[in-house]
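The values are calculated or read from the model by the stated rules, or taken from the named source; none is laboratory data. Just so we're clear, the structure is a prediction, and the values are computed from it rather than from any experiment. No Cβ is skipped: glycine too gets one built from the backbone with ideal geometry, and neighbour counts run over all protein chains shown.
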Amino acid sequence: MTHGSIRAHLIGLAAPIAAGIVFQTLYFPVDLYFVAGLGGAAIAGVGSAGNASFMSLALTQVLGVGTVALIAQAVGLVEHQRGARPVLALNPAVAACA
């Protein structure tokens with residue numbers, strides 16, 4: 001990680017994450033395809049569940065990115081105690097989402 005192109009390292013790290021998010025997003029249209037023949041109520045139910053899924057995905061991404069940013073700043077400043085605070089503070093929030 002300390003040698004080579006930063007861009008190549010970022011793409012190497014981001015590509016699997018982006019692929020995972022794409023596959024998580026594709027669950028919704030696939031579910032709609034299989035439920036389409038069951039009627040309007042089933043489609044509405046899958047649509048509501050899809051919206052809830054997108055919201056939970058967005059919330060977990062926000063919490064994850066924010067936590068990593070705070071921890072990275074603390075580690076960069078060699079303040080490891082400060083780096084543990086965001087993790088401990090977000091534990092109840094993550095538990096509530098689960």
Cβ-Cβ under 6 Å, sequence separation 6+ or interchain: first residue in the stretch 52-64 and more than 16 Å from G20 (Cβ to Cβ) and surrounded by 12 or more Cβ atoms within 10 Å (Cβ to Cβ), partner modelled with pLDDT under 80 and among the aromatic types (F, W, Y). Which pairs?
none
Would you point out which residue out of G47, G39, G20, G12 is on the phi > 0 side of the Ramachandran plot and modelled with pLDDT of 85 or more?
G39
Of the candidates Q73, Q81, the one satisfying the condition of being out of contact with any His (no Cβ under 8 Å at 6 or more places or on another chain), at pLDDT below 80 and loosely packed, with under 11 Cβ neighbours inside 10 Å is Q81
